[in-house]
Amino acid sequence: MTPAVAIIGGTGLTALDTLRITRRETLSTPYGEPSSPLIHGELGGRAVAFLARHGQHHTLPPHKINYRANLWALHRIGVKRIIAVAAVGGIRDDMAPGVLAFPDQLVDYTWGRHCTFFEDNLSHVTHIDFTEPYCPELRARLIEAARALNLEARESCAYAAMQGPRLETAAEIRKLERDGCDIVGMTGMPEAALARELGLRYAACAVVANRAAGKAAGEISMAEIERNLQSGMARVKALLTHVIAMLDERESRN
Ligand code: HPA
């Protein structure tokens, strides 16, 4: 059965223990190997596929992820919707650690990543529309689910995609703020654009892991990030189960 949705799990969500696993599928693509096998299972009463963006053992840094292989593999199995979970730093004052955020815009600062499927053997040059980088319908479902579960979530914000793997300087964060960015991460691009190129509905669920550089006293530690993600990801799992069940309802009405 074609999964109703695929979940791409990021830092803090390399495995989805709420998923009742039915099988693992190892795919290769014209672009190389995806980050991990696809985990097929059942969640919220629906067939779901899960992919660990940084690999099963969290060994792939953001700039080494084969985003094209990941998206191609999901497209190959016939998935039409993707919910991308990602850890971020909070820039805006109300982006406190543990809060969930559903970005509606992004700014791409990454470089040197394979960022398109449209580059070789083209019959014509192709430019996708990316005015709204995230699927409005899927975002609306995430927002609805968060409200239903009373989860503290920011419903509109702009995501800055940075190259990493280092965290930012305080001046870089001030610049991102002037650019209109509210949260900062390292994996949102080219993932969102590649999904759009393949015609997939893609929305992101970000979890604030820390205040961005210079926004709180002292250094940002991995221990702090991990601690905040642990509680944040528990909420994400509840949200995913709820939202997936809602997708079911809508689909059967259509
Ligand atoms: N910056 C970039 N990416 C991140 C951060 C951050 O502060 N926290 C978690 N992912």
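The values are calculated or read from the model by the stated rules, or taken from the named source; none is laboratory data. Just so it is clear, the structure is predicted and the values come from calculations on it, not from any experiment. FYI the Cβ positions are ideal-geometry reconstructions off the backbone, even for glycines, and counts take in every protein chain you see. For the accessible areas, the whole protein counts, side chains as well, though only heavy atoms, and no ligand, DNA or RNA atoms are used. Shrake-Rupley method; radii C 1.70, N 1.55, O 1.52, S 1.80 Å.
Counting only helices (runs of 4 or more DSSP H) that fall entirely inside the stretch 168-254 and contain at least 2 residues that are under 14 Å from the mean Cα position of the chain (by Cα), more than 23 Å from Asp108 (Cα to Cα) and aliphatic (A, V, I, L, M), the qualifying elements are 222-253. Scanning the stretch 11-35 for residues that are open to solvent by 30 Å² or more (accessible area, probe 1.4 Å) and part of a strand (DSSP E or B) turns up Arg20, Ile21, Thr22, Arg23, Arg24, Glu25. Identify, by number, the condition in (1) of a type in the set (A, V, I, L, M, F, W, C); (2) over 21 Å from Ala6 (Cα atoms); (3) open to solvent by less than 20 Å² (accessible area, probe 1.4 Å); (4) within 12 Å of the ligand (Cβ to nearest atom) that Met162 doesn't meet. Condition (3) is where Met162 drops out.
What about Thr116, is it over 17 Å from the mean Cα position of the chain (by Cα), open to solvent by less than 60 Å² (accessible area, probe 1.4 Å) and away from the ligand (no atom under 16 Å from the Cβ)? It is true that Thr116 is over 17 Å from the mean Cα position of the chain (by Cα), open to solvent by less than 60 Å² (accessible area, probe 1.4 Å) and away from the ligand (no atom under 16 Å from the Cβ).
Pairing each residue of the stretch 79-97 that is in a strand (DSSP E or B) with any residue that is open to solvent by 30 Å² or more (accessible area, probe 1.4 Å) and among the hydrophobic types (A, V, I, L, M, F, W, C), provided the two are 6+ apart or on different chains, yields no C-beta distance under 6 Å. Taking the numbered list (1) under 13 Å from the mean Cα position of the chain (by Cα); (2) part of a loop (DSSP other than H, G, I, E, B) in turn, Ile8 passes all entries but (2).
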